[in-house]
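First up is the structure itself, then whatever we jot down about it.
The values are calculated or read from the model by the stated rules, or taken from the named source; none is laboratory data. If you're wondering where the values come from, they're calculated on a predicted model, not measured in any experiment. Please note: Cβ atoms are built from the backbone with ideal geometry, for glycine as well, and neighbour counts cover all protein chains shown. Remember, those area values only see protein heavy atoms, side chains included, never the ligands or the DNA or RNA. Shrake-Rupley method; radii C 1.70, N 1.55, O 1.52, S 1.80 Å.
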Amino acid sequence: MDTMKAKNVSRQGKGQARKKAIDENENARTYFTWTLEMDRVLADILRDQRNLGNKSDGSWKSIAYNNVASALSSQFNVSILGDNVKSRVKIWKKWYGIVHDILSQSGFNWDGTT
C-alpha cells in the first residue's frame, strides 16, 4: 500500500514538473498574427516556388516552406518557420473548402462587383 502512495506522489511530481516546463516554454515563445499583407506576400512567394519546381504531386516540398519562411521573416521582421507556413497553407485549404461549399449551394449567386 505504501508503494502505491509513493508511485502516485512520484507521478504527481513528474506531472507538475512537466506542466512547469510547458508553462516556461510558452512564456518564452513569441507569437505573431498573420496580416493580409503577409498573406499576399505568401501567395506571391508560393507562386514563385511552384514555378521553381518546389511543388510536386499536389504538395509542397520542404524547401518551399523553408524558402517562404525565410523570405517572410526578413521582409516582415518576424520569426517564421517552415512549419508556420505549412500551417497557414493548411488554414487556407480549410477556408477554400468552406467557400467552395457555399458557392456550390443551389440558389447561391456570387456578384463579384458588389
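Summary of computed values
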{"read-out": "Estimated FRET transfer efficiency when R0 is 25 angstrom, pair residue 86-residue 114 (beta carbons, to 0.05)", "value": "0.10"}
{"read-out": "Formal net charge of residues neighbouring residue 38 (Cβ-Cβ distance under 12 Å; K, R +1; D, E -1)", "value": "-1"}
{"read-out": "Local electrostatic count at residue 102 - Lys and Arg +1, Asp and Glu -1, tallied over other residues with Cβ under 15 Å", "value": "-1"}
{"read-out": "Local electrostatic count at residue 62 - Lys and Arg +1, Asp and Glu -1, tallied over other residues with Cβ under 11 Å", "value": "+1"}
{"read-out": "Per-residue SASA entry for residue 48, accessible area with 1.4 Å probe, Å² rounded to 10", "value": "70"}
{"read-out": "Whole-angstrom Cα spans of the range 55-114 along principal axes, big to small", "value": "44, 29, 15"}
{"read-out": "In the range 27-68, trypsin sites (Lys or Arg not before Pro) in a DSSP loop with at most 12 other beta-carbon atoms within 10 Å", "value": "29"}
{"read-out": "Exposure of residue 89 as accessible area (Å², to 10), given a probe of 1.4 Å and all protein chains", "value": "10"}
